[in-house]
1. If you take the Cα Rg of the range 102-226 and divide it by 2.2 N^0.38 Å, with N the number of residues, what do you get?
2. Between T155 and H175, what is the FRET efficiency for a Förster distance of 30 Å, r being their Cβ-Cβ separation, to the nearest 0.05?
3. Please give the per residue volume of the convex hull enclosing the alpha carbon atoms of the range 205-258, rounded to a whole number of Å³.
4. Obtain the nm distance between the two label points defined at A121 and A162 by a simple spin-label model: each point lies 7 Å from its Cα along the Cα-to-C-beta direction.
5. Relative contact order for the range 148-256: what percent, with Cα pairs under 8 Å and sequence separation of 6 or more?
Amino acid sequence: MYRMISRRTVVGSGLAASLATVAATPLLAGAAPAVPGRAALRQATPADVTGPHVLPPLPYDVAALEPAIDAQTMEIHHGKHHQAYVDNLNTAVVDLPDLAAMPAEELIGQLDLVPEDRRTAVRNNGGGHVNHTMFWESMTPGGGEPAGALADAITATFGDLAAMQETVNTAGLGHFGSGWAWLIVNPAGELEVTSTPNQDNPLMADLVETTGTPILGVDVWEHAYYLAYQSRRADYLAAWWSVVNWETVGLRYEQATGQ
Ligand code: MN
């Protein structure tokens, strides 16, 4: 199943590489680029720019999360949507080497560093890249249950796991339009549920209602579920819990709380 995406990736890289030979070799080689003029920036398109950010491979087969998430949805969501966020992010920072060198998670937390004419592009596509990278890692075939410090914190904060899930579902269902529902560690070190519009992330200080370190996020854009669930976002959310990778979420919790 995964071969299909790999083949496209190889074909895409080949095309991009040959274009890049003409357009952007110094940037791709990591050499300090001569600052390109505005004309060069206008000419840069996603196909020209293949780094520094790259699409991470899925940590499982595209069909591995069925029936909760079908293979075709995974293939399009990862191979097309996430790839587009990566390409557009690379294009947005093509002439900004200091920002291009920053990990995407750091970049989206310091959007005030981004020139105003590029800020919305970095917010949307940097957010898209970070959110989706976390999303793929947050799932695993077979799912499981939270354990250890995370399980204790969920019980202490929400009463039990089901109550926490209900709170996330309510945030996801209540979110009008495209966005994400999140379980975060807030600045006080407590678990909290929040949602963000578009590709915003709780790391985007000063831009989102509730700032914190996300440890679990669920994509409630229609592209995440429409093929299998059509408008039934509640059914998608209910099924999604069956493939959550609690081991990864637990590690994120321990990291965020310094345990
Ligand atoms: Mn998505």
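Please treat every number below as a calculation from the coordinates, not as lab data. Remember, it's a predicted structure, so these values are computed and weren't measured experimentally. Glycine gets a Cβ as well: all are built from the backbone with ideal geometry, and neighbour counts include every protein chain shown.
1. The reported ratio for this selection is 1.07.
2. Plugging the Cβ-Cβ distance into 1/(1 + (r/R0)^6) gives 0.70.
3. Numbers: hull volume 5.6 nm³, N = 54.
That works out to 104 Å³ per residue.
4. Going by the 7 Å Cα→Cβ label model, 5.0 nm.
5. On the way: 150 pairs, mean separation 27.4, N = 109.
After rounding, I find 25 percent.
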